[in-house]
1. How big is the dipole moment of the chain about its Cα centre under a simple scheme where the beta carbon of each Lys and Arg is +1, that of each Asp and Glu is -1, and everything else is neutral? Debye, nearest 20, please.
2. Over the chain, what percent of the accessible surface lies on carbon and sulfur atoms, probe 1.4 Å?
3. As a test of the formula, what do you get for the chain when each DSSP H run with n ≥ 4 contributes -39,500 (n - 2.57) and the sum is divided by the residue count, at 222 nm and rounded to the nearest 500 deg cm²/dmol?
4. So for the chain, taking the charge dipole from beta-carbon charges (+1 Lys/Arg, -1 Asp/Glu), which of A2, C30, C46 sits furthest toward the positive end?
5. Could you work out how much longer the chain between K34 and V22 gets when fully extended? Use 0.36 nm per residue separation minus the Cα distance between them, nm to one decimal.
Amino acid sequence: MALPKRKHSAQRGRKRRTHWKVKTTSLIACPQCKQLKLPHKACLVCGYYDGRQVVEIKIKEKKKKTH
Ligand SMILES: [Zn+2]
């Protein structure tokens, strides 16, 4: 197996990694409820995708005092 002849300096590795950047997550407005949602995913607010309800959204229950 081929091996590198010399050690890469820390600067060289860091210079290469300056192009590693985190992309911002893209969000689009839901056509049903106008809330921001992830593209190509069912809306988390209304559960709609492609003009129809595909996910049932459970209404948040009141916090139970069990502790
Ligand atoms: Zn929605």
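The values are calculated or read from the model by the stated rules, or taken from the named source; none is laboratory data. Note that this is a predicted model, so its numbers are computed, not measured. A quick note on method: Cβ atoms are made from the backbone with ideal geometry, for glycine too, and the neighbour counts reach across all protein chains shown. Side chains included, ligands, DNA and RNA excluded: accessible areas come from the protein's heavy atoms. Shrake-Rupley method; radii C 1.70, N 1.55, O 1.52, S 1.80 Å.
1. On the way: 20 positive and 3 negative charges, 171 e Å.
I would put it at about 820 debye.
2. That share works out to 56 percent.
3. Helix-only estimate at 222 nm: -3000 deg cm²/dmol.
4. Checked the options; the winner is A2.
5. Full extension of this stretch gives 1.7 nm more.
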